[in-house]
Amino acid sequence: MSNILNQERAKVTLYSIILMSLTSLHHVYGAIIYHTEWRLHVLLLSIPVIVITFYLNRLLNQKGSAYRGYLFWVYWAITLLFSVILIGVFEGLYNHLLKNILFWGGASKSGLSKLFPPGLYEMPDDAIFEITGVMQGIIGIVLIVHFIRLTFKPTL
């Protein structure tokens, strides 16, 4: 794997770990302030993804592994499914960035409740919760950019 791809994978790893760590803190905070312990379920996903992503990246940095190609695709699939799609796109972009844009943009309460059903979603009423939620979307965008660069690697 070229040095450029190793650098891109390092960025994907970094942003994936930052995103999953922020998501963990965001959900713990949300569980506390909204008295919704069910939000803690994300830790069953985020903590293993942090550990696995970090570990696979370390293995991929080692030279001469016979399983290097296989490990890359496992790393790629885990990153795509969990970090990019579930957390970056769904949690960050849809659940928070879009919700805040629509809410602060003056969308109707009935429209918001259809897209973000009460009980599962909270309308913006806590700055820390909303800022950390929107940050998930922003970090998700950065992760997506680097993931695309890693996936559609330039041929040099």
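If I filter the stretch 51-101 down to residues being of a type in the set (Gly, Ala, Ser) and in a helix (DSSP H, G or I), which single residue comes out as modelled with the lowest pLDDT? Filtering the stretch 51-101 for residues that are of a type in the set (Gly, Ala, Ser) and in a helix (DSSP H, G or I), the one modelled with the lowest pLDDT comes out as Gly69.
Of all residues in the stretch 38-66, count the ones that are among the small types (Gly, Ala, Ser) and closer than 14 Å to His26 by Cα.
Step one: of the stretch 38-66, the residues among the small types (Gly, Ala, Ser) are 46, 64-66.
Retained after the next criterion (residues that are closer than 14 Å to His26 by Cα): 46.
Count: 1.
Condition check for Tyr121 on (1) modelled with pLDDT of 95 or more; (2) over 22 Å from Val142 (Cα atoms): one failure, at (1). Of all residues in the stretch 132-154, those that are among the hydrophobic types (A, V, I, L, M, F, W, C), under 19 Å from Leu60 (Cβ atoms) and touching a helix residue (DSSP H, G or I) at 6+ places or on another chain (Cβ under 8 Å) total 3.
Test of understanding: among Thr79, Thr151, which residue is surrounded by 19 or more Cβ atoms within 10 Å (Cβ to Cβ) and under 13 Å from Arg9 (Cα atoms)?
Values: Thr151 fails: surrounded by 19 or more Cβ atoms within 10 Å (Cβ to Cβ).
So the residue among Thr79, Thr151 that is surrounded by 19 or more Cβ atoms within 10 Å (Cβ to Cβ) and under 13 Å from Arg9 (Cα atoms) is Thr79.
Name the single residue, out of those in the stretch 110-148 being surrounded by 15 or more Cβ atoms within 10 Å (Cβ to Cβ) and among the aromatic types (Phe, Trp, Tyr), that is nearest to the chain's Cα centre (by Cα). Looking at residues that are surrounded by 15 or more Cβ atoms within 10 Å (Cβ to Cβ) and among the aromatic types (Phe, Trp, Tyr), I get Phe147.
Here is a check on your reading of the model: is Lys153 modelled with pLDDT of 95 or more and basic (Lys, Arg)?
On the way: modelled with pLDDT of 95 or more: no; basic (Lys, Arg): yes.
So Lys153 does not fit the description; no.
Of all residues in the stretch 120-149, those satisfying the criterion of being under 11 Å from Val84 (Cβ atoms) and not β-branched (Val, Ile, Thr) are Gly140, Leu143, His146, Phe147. For the stretch 1-51, how many residues meet the condition of being surrounded by fewer than 20 Cβ atoms within 10 Å (Cβ to Cβ), in contact (Cβ under 8 Å) with a residue 40 or more places away in the chain and either over 17 Å from Ile131 (Cα atoms) or over 14 Å from the mean Cα position of the chain (by Cα) (or both)? Of the residues in the stretch 1-51, 11 are surrounded by fewer than 20 Cβ atoms within 10 Å (Cβ to Cβ), in contact (Cβ under 8 Å) with a residue 40 or more places away in the chain and either over 17 Å from Ile131 (Cα atoms) or over 14 Å from the mean Cα position of the chain (by Cα) (or both).
The values are calculated or read from the model by the stated rules, or taken from the named source; none is laboratory data. Computed from a predicted structure; not experimentally measured. Counting neighbours? That spans all protein chains shown, and the Cβs are built from the backbone with ideal geometry, glycine included.
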